[in-house]
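The next block holds one structure in the form of structure tokens; read it before the comments.
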Amino acid sequence: MPVTGAGIGCAHMKVRPMPEPDGAPSGRDDRSQRQRSDRASAPGKSRGGAQGHGASSRDAPLYGALDLGTNNCRLLIARPAREGFRVVDSFSRIVRLGEGLSHTGRLDEAAMDRAYDALASCAERVMRKGLESERLTAVATQACRQAENGAAFIERVRAGTGLKLRIIDPAEEARLSVEGCLNLFDPRAEAVLVIDVGGGSTELSWLRKQGREMKTVAWMSAPLGVVTLAERHPEPEDALGSAGAIWYEAMVADMGAAIAAGGIVDAEMRDLFGRGRGHMVGTSGAITSLAGIHLNLRRYQRDRIDGLWMTRKQCEAAADRLKALGPDGRAAEACIGPDRADLVLAGAAILEAVQRAWPCERVRVADRGLREGLLLQRMREDRKPRRRRRRGRGKGAVAAAE
């Protein structure tokens, strides 16, 4: 059953002004900086938007964020910068930890081995960079939440690698994804819907502008992600024919039912989206792959994808192209590859279901999310003035000091 709520502790979120490209919504965020690839960042490269610009001090401490999801294992190491942070190193590997979980209720042995190997590589990177353990935030999401043996796997990782992962709940996952995407919000928008498509679940967060700030007013977590949806709806052999259209519509309908079960109803917000006064932000590998297909990229280019504006028709056209390619054709696409070939259409179906449930013309693509949210949250916490109790000569005298 979907998990829902009204407000998830995001409090008020200030949207920083950012330049918009001419001819939006087809443009992209010109604050996004060039990055070598989606799997690793060259040291010293600045990630765009939420990570900000400005020279970071070499004396600033390193921070790390590790996200073990149902499909991916991702690590980001960075130093604080003037408006966010500057990437020092990153790592991403598809591990499919949740493979078969929807059928068995347990993490598969081979899947755990793949994830363990990726986490061991992350631990080695953390050690090589000299990242202090207290500044590394490591979390696990839907696969470990759902699996009977999820906690046991977390303990195996701790004992074998020293990494202490914390299983977070859907509310925290949704909040962190929003935090990581804040700088992609159009400052002129009155409403934003953030769509975080994971491997085992999809988190939706609705935000409304109050004054100059955005506040989360509702959220939900649907227990369907690209892995679980693809497993529930295996691609037919004749997917290029009529059976393919029926298969895709079944995935859209399945996700649509999950959204409806969430019970989020807000006529006023729906009207804002319908009148072009709100937009969506989509964060996931499936959505960035969809953007790569839309741009006809010969290789993945984060600087062109992160912050890209797409219309609803462009999203649907990209999905149609993916359907026409077939499994082999999708695997040959540089922005997809064999690891995502059987999952990317499930991601497209999830996005389409959201667009049908909450009609909206503009979608902004985000190559960022939970990891970035973890880093920004931790850095902000460490910047807060610390208060200590100081005893004075008088009885009970207490003074606050920064």
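The values are calculated or read from the model by the stated rules, or taken from the named source; none is laboratory data. The model shown is predicted, which means the values in this text are computed figures rather than measured ones. Here the Cβ positions follow ideal geometry from the backbone for every residue, glycine too, while neighbour counts run over all protein chains shown. What goes into the accessible areas is simple: the full protein's heavy atoms, side chains included, and nothing from ligands, DNA or RNA. Shrake-Rupley method; radii C 1.70, N 1.55, O 1.52, S 1.80 Å.
Hey, can you tell me all the residues within the stretch 345-374 that are charged (D, E, K, R), buried (at least 17 other Cβ atoms within 10 Å of the Cβ) and over 24 Å from E172 (Cα atoms)? E352, E361, R362 - these are the residues of the stretch 345-374 that are charged (D, E, K, R), buried (at least 17 other Cβ atoms within 10 Å of the Cβ) and over 24 Å from E172 (Cα atoms). Determine, yes or no, whether E172 is under 18 Å from E372 (Cβ atoms), open to solvent by 10 Å² or more (accessible area, probe 1.4 Å) and either without any contact (Cβ under 8 Å) to a residue 24 or more places away in the chain or not hydroxyl-bearing (S, T, Y) (or both). Considered against the rule, which asks whether it is under 18 Å from E372 (Cβ atoms), open to solvent by 10 Å² or more (accessible area, probe 1.4 Å) and either without any contact (Cβ under 8 Å) to a residue 24 or more places away in the chain or not hydroxyl-bearing (S, T, Y) (or both), E172 comes out as yes.
For the stretch 375-396, does any single residue satisfy the condition of being within 26 Å of E190 (Cα to Cα), at pLDDT 95 or above and either open to solvent by less than 10 Å² (accessible area, probe 1.4 Å) or hydroxyl-bearing (S, T, Y) (or both)? No, there is no match, as no residue in the stretch 375-396 is within 26 Å of E190 (Cα to Cα), at pLDDT 95 or above and either open to solvent by less than 10 Å² (accessible area, probe 1.4 Å) or hydroxyl-bearing (S, T, Y) (or both).
Among the residues of the stretch 304-332, those that are buried (at least 21 other Cβ atoms within 10 Å of the Cβ) and touching a helix residue (DSSP H, G or I) at 6+ places or on another chain (Cβ under 9 Å) comprise I305, D306, G307, L308, M310, C315, A318, A319, L322, R330.
Every condition in (1) under 27 Å from E179 (Cβ atoms); (2) at pLDDT below 95 is met by A245 except one, and the failing one is (1).
Among residues of the stretch 279-301 that are of a type in the set (F, W, Y), those with a Cβ under 8 angstrom from a residue that is not in a helix (DSSP H, G or I), sequence gap 6+ or separate chain, pair up as Y300/S37; Y300/D38; Y300/A334; Y300/C335. Looking across the stretch 141-160, the residues that are open to solvent by 30 Å² or more (accessible area, probe 1.4 Å), part of a helix (DSSP H, G or I) and in contact (Cβ under 8 Å) with a residue 12 or more places away in the chain come down to R145, Q146, A151, R156, G160. Taking into account only those residues within the stretch 333-344 that are in contact with a Lys or Arg (Cβ under 7 Å, 6 or more places away or on another chain) and buried (at least 16 other Cβ atoms within 10 Å of the Cβ), which is farthest from L229 (Cα to Cα)? Filtering first and then ranking leaves I336. Scanning the stretch 86-107 for residues that are farther than 16 Å from K129 by Cα and among the hydrophobic types (A, V, I, L, M, F, W, C) returns I94, V95, L97, L101, L107. Of the residues contained in the stretch 125-140, none is found to be of a type in the set (S, T, N, Q), open to solvent by 50 Å² or more (accessible area, probe 1.4 Å) and in contact with a Leu (Cβ under 7 Å, 6 or more places away or on another chain). Scan the stretch 281-335 for residues that are touching a Phe, Trp or Tyr at 6+ places or on another chain (Cβ under 9 Å) and not small (G, A, S) and report the count. Within the stretch 281-335, residues that are touching a Phe, Trp or Tyr at 6+ places or on another chain (Cβ under 9 Å) and not small (G, A, S) number 4. Of the strands (runs of 3 or more DSSP E) lying entirely inside the stretch 26-139, the ones with 1 or more residues being within 24 Å of P170 (Cβ to Cβ) and either at pLDDT below 90 or acidic (D, E) (or both) are found at 63-68.
For A118, the requirement of being under 24 Å from G285 (Cβ atoms), in contact with a Ser or Thr (Cβ under 8 Å, 6 or more places away or on another chain) and small (G, A, S) is not met. Scanning the stretch 99-116 for residues that are more than 22 Å from the chain's Cα centre (by Cα) and open to solvent by 30 Å² or more (accessible area, probe 1.4 Å) gives H103, T104, R106, D108, E109, A110, D113.
Condition check for L290 on (1) within 16 Å of V344 (Cα to Cα); (2) open to solvent by 60 Å² or more (accessible area, probe 1.4 Å): one failure, at (2). Go through the stretch 170-214 and give me each residue that's in contact with a Lys or Arg (Cβ under 7 Å, 6 or more places away or on another chain), of a type in the set (K, R) and at pLDDT 95 or above. Of everything in the stretch 170-214, just one residue is in contact with a Lys or Arg (Cβ under 7 Å, 6 or more places away or on another chain), of a type in the set (K, R) and at pLDDT 95 or above, namely R208. Surrounded by fewer than 24 Cβ atoms within 10 Å (Cβ to Cβ), in contact with a Ser or Thr (Cβ under 8 Å, 6 or more places away or on another chain) and under 24 Å from R302 (Cβ atoms): does that describe F85? No.
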